[in-house]
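The values are calculated or read from the model by the stated rules, or taken from the named source; none is laboratory data. All values reported here derive from a predicted model rather than from experimental measurement. As a convention, Cβ positions derive from the backbone with ideal geometry for all residues, glycine included, and neighbour counts pool all protein chains shown. When the accessible area is computed, the model is the full protein with side chains, heavy atoms only, and any ligands, DNA or RNA have been set aside. Shrake-Rupley method; radii C 1.70, N 1.55, O 1.52, S 1.80 Å.
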Amino acid sequence: MSAISAHPGLRGGNHRRVVHALRRHGALTRAALADGGLSRSTVTAVVAELLETGLLIEISDPARDGRATGRPPTLVRLNGELGVTVGVEIANGIVRAAVCDVAQELLAHDSIATDDQADPRTTLAATSTLIDELLERTGFGRDRVIGVGLAVPGPIQRRTGLTGRACTLKPWAGINPSTVATEVLHLPALADNDANLAALAELTWGAARGLRDYAYIYTAKGIGAGFVINGEIYAGANGTAGEIGHTTLNEDGLVCECGGRGCLNTLANPDAIAQQLWQIHGRRLRLAEVIDLAQAGDAGCRRVLADAGRHIGVAMANMYNLLDPELIVIGGNLAAAGAMLIDPLHQSMVRRAIHAGEAVPAVVAGALDPETVVVVGAAAAVLRDSATFPLPA
Ligand SMILES: [Zn+2]
């Protein structure tokens, strides 16, 4: 480890650009690195130096395996031994954490149960123990942690760093989660909204890899969206960009927890879905049960999921008309309903979206494991921020 710890190769700006591109995108060909604005010859020289110092390693391109025998390895990536990032998701009743290396490999993840009413410091102290356990499993010490990405279920104001009151975990509203996490975890931390980080995960590793403009719909206790515009997450001034669950669908509808009426969340979140099935099932069904029953042919459950898709499609059409994304990815707990949800959603969206001769974008389920999509997104956010989170010395 000591041979690569001095990073002699990072002295120059071109070296930093190459490392930054690999932190953002993972393994790349030299040609793809040259697309970032450096000349081919500069990339070749810089990569050779970084390989020499041990900062980069070469790997074979899986796309070429078995086709071009005898070809040299064609991808370069950061040496995974350099360090790790930690992703943490603070969710309702549960905290998940993941350790990823700088080569964008998920090394370990796990979760613990938490109390929604607990003080954030109490929750983070338990999280700190979970992080230590995961680090022990992966063989990395705390000195190898570049930073922690923390996902919270609410908006974060850009100017103040404070969590807004729309946070679904009330003790977390009005605090600065990155400051508190840095203090309690004794590790540098950033914080962002869970939907934004899930959007980043699908952009980095999943269904939206390589796209510039796309929308990610995250369905949890509420329905949120993460927007990627020009290759970057768009959060808005108050962090409330993407609070699509609070789009008004019925001006005279039920009162929502935000104080509005007839928000999408009052029609299509897990509570609303359970409410509509109460009468015929005589109890509150969990969303996973609703999806299982629907898959087994229960007409009422199929109907309610299709209606949820239709409602989300109305909100999607309005979003599409404003932002014009090239793809919509749906993730979170509702995504498991698959075509039962997505087909009516897409039909509803197509019916209302602007048609200027262009095809309305496809709606697809996320490609990543729903359990870890947010935590790997939180780890990706740390990897992308080379300025705040340098490689360990
Ligand atoms: Zn609302």
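See the values below:
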item: Within a Gaussian network of the chain (alpha carbon springs, distance under 10 Å), most fluctuating of Gly300, Gly87, Gly222; result: Gly300
item: Carbon/sulfur fraction of accessible area - the chain, other protein chains in place, 1.4 Å, %; result: 50
item: Exposure of Leu368 as accessible area (Å², to 10), given a probe of 1.4 Å and all protein chains; result: 40
item: Linear extension gain, His186 paired with Thr160, 0.36 nm per residue minus alpha-carbon span; result: 7.2 nm
item: Residues in segment 35-64 that a label on His20 would reach, taking backbone N under 16 Å of a point 7 Å out along Cα→Cβ; result: 35-39, 43
item: The chain, accessible area per residue, ligands and nucleic acids excluded (1.4 Å, Å²); result: 44
item: Segment 203-306: GluC sites (Glu not before Pro) in DSSP coil with no more than 11 other Cβ atoms inside 10 Å; result: Glu251
item: Largest to smallest accessible area among Trp172, Trp205 [probe 1.4 Å]; result: Trp205, Trp172
item: Theoretical FRET efficiency, 1/(1+(r/R0)^6), r = Cβ-Cβ of Ala393 and Ala118, R0 35 Å, to 0.05; result: 0.50
item: Extent along principal axes [Cα atoms of segment 296-347; Å; largest to smallest]; result: 37, 17, 14
item: Computed helical MRE - 222 nm, the chain, DSSP H runs ≥ 4 contributing -39500 (n - 2.57), nearest 500; result: -12000 deg cm²/dmol
item: Compactness index (Cα Rg / 2.2 N^0.38 Å), segment 135-291; result: 1.19
item: Mean separation of Cα contacts under 8 Å (6+ apart) over length of segment 114-245, as relative contact order %; result: 22
item: Probe 1.4 Å - accessible area at Lys221, Å² to nearest ten; result: 90
item: Probe 1.4 Å - accessible area at Ile233, Å² to nearest ten; result: 50
item: Net dipole in debye of the chain [+1 Lys, Arg Cβ; -1 Asp, Glu Cβ; about Cα centre; nearest 20]; result: 640
item: Over the chain - Rg/Rh using Cα atoms and the Kirkwood inverse-distance radius; result: 1.00
item: Cα-based Kirkwood hydrodynamic radius, segment 237-379, one decimal, Å; result: 16.1
item: Radius of gyration and Dmax over the Cα atoms of segment 237-304, both given in Å; result: 14.0, 45
